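Student: Quick one: structure below, then a few questions.
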Amino acid sequence: MFGLLRYLKAREWLQVLLVLLFAVLQVRFDLLVPDHMRRITVLVQTPGSPLSDILVAGGFMLLFALLSLACVIVVSFFASRVSSGLSLRLRDLIFSKVGSFSMEEFSRFSTSSLIARSTNDITQVQQFTMSAMQMLLKVPILAVGGFVGIAGGGAEWAVAAVIAFVFVLIVVSCAMIVVIPQFRKMQGLVDKIGHTARESLAGRYVVRAFNAEEFHEERFEEANLGFTHADKTTNRAMAVMGPVMSLGTNGVILAAYIIGAFLISSAGEAEALGVFSNMVVMTFYLGLLFTAVKFIIKVLPRVPRAFSSARRIFEVLETVAEPGLGLREQAPAQRGTRVGGGQDAGDGVPSGDSCDTVISFDNVSFRYPGASADALEGVSFAVNRGESVAIIGSTGCGKSTLVNLVMRFFPATTGEVLIKGVNVKEYEREALYDLFGFVPQRSVLFRGTIRSNIAYGDNGRGAYRASDIENAARIARVDQFTDSLADGLDAAVSQRGSNYSGGQKQRVAIARAVCRDPEIFVFDDSFSALDGLTDQEVRKALTHERAGVTRLIVAQRISSIMDADRIIVMDEGRLVGVGSHPELMGSCEIYKEIAASQELL
Ligand SMILES: Nc1ncnc2c1ncn2[C@@H]1O[C@H](COP(=O)(O)OP(=O)(O)OP(=O)(O)O)[C@@H](O)[C@H]1O
Ligand SMILES: [Mg+2]
């Protein structure tokens, strides 16, 4: 929690100091009240006291009360500025940190947990910092002021105050022991509720079509009940505190009156007035002391929650990227170079534009984090400049995994992945992705228009021209369906492209990669949702209009890759054949099996 303080800016530190200053002033004004209280009590009890004296003393009391109120307002003003400024910064930091995560880091947190961390957890921290500044800061000042005042009044009052204080502290500590673990649990359960709800909402058609509502309701119920149970336990424990507080406050004031009564009855007539006014002032100091306790009780329940929220925020902010995979930022001027600069790796490996091998895998193996077996084993191959290389193999044989390694979404477990002769880990993020036009297996569209989805991102060469976008739309046959739409390329796309068909989304995703005008195309099963004719048309257009661009194409259908320069056949994470279609038909059993299954023999 205290680590979060490092995210405060100098200006906010100044505001924290102002909060502290005005908190001290407020208590100072509060502490000026009892002197005048004492004067009024004496004046009222003394026959013949002039009314004007009472009014002056009363006037001072009112003035100090108003000044104290003004200080409270100033404290609240700066406290809310600091806490909302901090939460704004934390939200920004989490958002950009998550944006720089590699897939491996993503897999450490679930999406709903990341959402909860950047919303609910930040709210918890914001509320805590706000109330800590409004209340917790004043506690030591109030406590010291109250105790010093009481101690000055005599030992009897001090003993009564200490007994009441210890009683309240014991009850509060017991409640905290119950509450703290429950608060910790609740944070995890918020995540569970989030991802259970997300899952059934995202798959709502499947849920309905399979009559699986009950199954999902039960899952949700389990998370919901867990949360409710923890919430109830904390609320019950916290509910005890209110009455205990009243008991403590009222009890101690009652004790003050009883002590006062004894002291007055045993005092002589001359001292009785002094004892009485002392008693009135003591009740004021006791009230001050209990305001401190009330503040503690108000803020304390937030402490465990705020601390566990702060820990969860830190987990995201302090996630360290895999060595060599940190998505390091660079100055714009450096874009196009790789980490360490230079165009040659210094070990004779040609790099940059002089390298004819665009993608190469050198004995690469890869295992997903937490998996028990390798998804890729000893994979070696090279793709030369301008070549079109296809990858084919059965479902789950590791094709997308191989693509993930080319795109540096995951680091190779052993072996090296080289892009233009340079280890993929060595690249600056933007420089690496400037090279690629990538179409993932599952098309992803963003809210906006078809045009904004095609002209998406930045290829390091300035804004896309309208003609680039239209060309890309034509090559990927996006125009085939946008021509019939009233807004054409400016037709709206809703969240995740849910208002377009799978094939339409796939075409937009292809157009997006084409518009980038990259050096390397990476298509991961990107033609699977297209009908045979469109598939052919798009591939033909790509070959003619983007000739010379290196292509790595993952495919399921042999018919769509038959014309590739080379085909790599994969099976269970290994390469089992490399060659052209006719060569493989003669030499590779697995390729022949695939061809047979597709009735190509
Ligand atoms: N994130 C992941 N974590 C753990 N294992 C994974 C992950 N993604 C894939 N795998 C496993 O790795 C293997 C290869 O998966 P991959 O997605 O590369 O297959 P694929 O060849 O692309 O299949 P498809 O043709 O169905 O797209 C599979 O056995 C799969 O279960
Ligand atoms: Mg795949």
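Read the figures in this text as sums done on the coordinates, not as results from a lab. What you are looking at is a predicted structure, and each value in this text was computed from that prediction instead of being measured. Neighbour counts run over all protein chains shown; Cβ positions are idealised from the backbone, glycine included.
Student: To the nearest 10 degrees, how steep is helix 10-45 against the longest Cα principal axis of the chain, on a 0 to 90 scale?
Tutor: Relative to the chain, helix 10-45 is tipped by roughly 20 degrees.
Student: Right, next: Round to the nearest 10 and give me the degree value, 0 to 90, for the angle of helix 302-317's Cα axis relative to the longest principal axis of the chain.
Tutor: The two axes meet at around 30 degrees.
Student: Taking every eigenvalue of the Cα gyration tensor of the chain, multiplying by 5 and rooting it, what semi-axes result, largest first, whole Å?
Tutor: 73, 25, 22
Student: With θ set to phi - 60°, apply the Karplus curve 6.51 cos²θ - 1.76 cosθ + 1.60 along the range 114-124 and write out the HN-Hα couplings as whole Hz, x wherever there is a Gly or Pro.
Tutor: Couplings: 5, 5, 4, 5, 8, 10, 4, 5, 5, 4, 4 Hz.
Student: Compute the length gained on full extension between S587 and A65: take 0.36 nm times their separation in residues and subtract their Cα-Cα distance, giving the result in nm to one decimal.
Tutor: So the chain would gain 178.4 nm between S587 and A65.
Student: Under 5 Å between amide H atoms, partner at least 5 residues away or on a different chain: which partners does N384 have, H built in plane at 1.01 Å?
Tutor: Amide H neighbours of N384: V358.
Student: Residue by residue through the range 576-593, which ³J(HN,Hα) values in whole Hz follow from phi under the Karplus form 6.51 cos²θ - 1.76 cosθ + 1.60 (θ = phi - 60°), with glycine and proline marked x?
Tutor: Running phi through 6.51 cos²θ - 1.76 cosθ + 1.60 with θ = phi - 60° gives 10, x, 9, x, 7, 4, x, 4, 5, 5, x, 10, 10, 4, 5, 4, 5, 4 Hz.
Student: Additional query: Could you work out the per residue convex hull volume over the alpha carbons of the range 2-317, in cubic angstrom?
Tutor: Details: hull volume 48.6 nm³, N = 316.
Each residue corresponds to 154 Å³ of Cα convex hull volume.
Student: With the contact rule set at Cα under 8 Å and sequence spacing of 6 or more, what percent relative contact order holds for the range 2-317?
Tutor: 29
Student: Let me ask something else. Sort 142-152, 538-548, 280-290 for me by packing, meaning the mean count of neighbouring Cβ atoms within 10 Å per residue, highest on top. Each step should come with its number before you reach the end.
Tutor: Details: 142-152: 18.4, 538-548: 14.7, 280-290: 21.5.
So the peptides 142-152, 538-548, 280-290, ranked by packing, come out 280-290, 142-152, 538-548.
Student: Just add up the charged neighbours of V379: K/R +1, D/E -1, any other residue whose Cβ is under 14 Å from the Cβ of V379.
Tutor: Residues close to V379 contribute a combined charge of -3.
Student: Order these by the 10 Å Cβ neighbour count, fewest first: Y7, Y456. Walk me through the numbers on the way to the answer.
Tutor: Values: Y7 15, Y456 19.
Fewest-to-most Cβ neighbours within 10 Å comes out as Y7, Y456.
Student: Moving to a separate point now. Please report K232, K425 as a ranked list, fewest other C-beta atoms within 10 angstrom at the top and most at the bottom.
Tutor: K232, K425
Student: How large is the helix-only mean residue ellipticity at 222 nm for the chain, computed as the sum of -39500 (n - 2.57) over DSSP H runs with n ≥ 4, divided by its residue count, in deg cm²/dmol to the nearest 500?
Tutor: Details: 20 runs with 353 residues, N = 601.
-20000 deg cm²/dmol, from helical runs alone.
Student: While we're looking at this one, here's another question. Working from Cα positions, state the angle (0 to 90°, nearest 10) between the long axis of helix 155-202 and the longest principal axis of the chain.
Tutor: 20
Student: Take the range 86-166, compute every pairwise Cα distance, and split them into 5 Å bins from 0; I just need the percent in each bin.
Tutor: 3, 12, 15, 13, 9, 8, 7, 7, 7, 7, 6, 4, 2, 0
Student: OK, next. Can you list residues whose amide H is under 5 Å from S365's amide H, if they're 5+ apart or on another chain and H is modeled 1.01 Å from N?
Tutor: G378, V379, T413, T414, G415
Student: Okay, moving on. Using mean Cβ contacts within 10 Å as the protection proxy, how do 393-405, 506-518 order, highest first?
Tutor: In descending order of packing, they fall as 506-518, 393-405.
Student: Another one. What FRET efficiency would be calculated for the residue pair D92, L14, taking the C-beta separation as r and a Förster radius of 25 Å, to the nearest 0.05?
Tutor: 0.75
Student: Extension gain D531-V166, at 0.36 nm per residue separation less the Cα-Cα distance, in nm?
Tutor: Working: separation 365, 0.36 × 365 = 131.40 nm, distance 7.86 nm.
The D531-V166 span can extend by a further 123.5 nm.
Student: Could you name the lysines in cross-link range of K425, using Cα to Cα under 23 Å and dropping any fewer than eight places away on the same chain?
Tutor: K97, K399
Student: Hey, another quick one. Restricting to Cα atoms and excluding each atom paired with itself, what does the Kirkwood estimate give for the range 158-273 in Å?
Tutor: Taking the inverse mean of 1/r over all distinct Cα pairs, the range 158-273 comes out at 18.6 Å.
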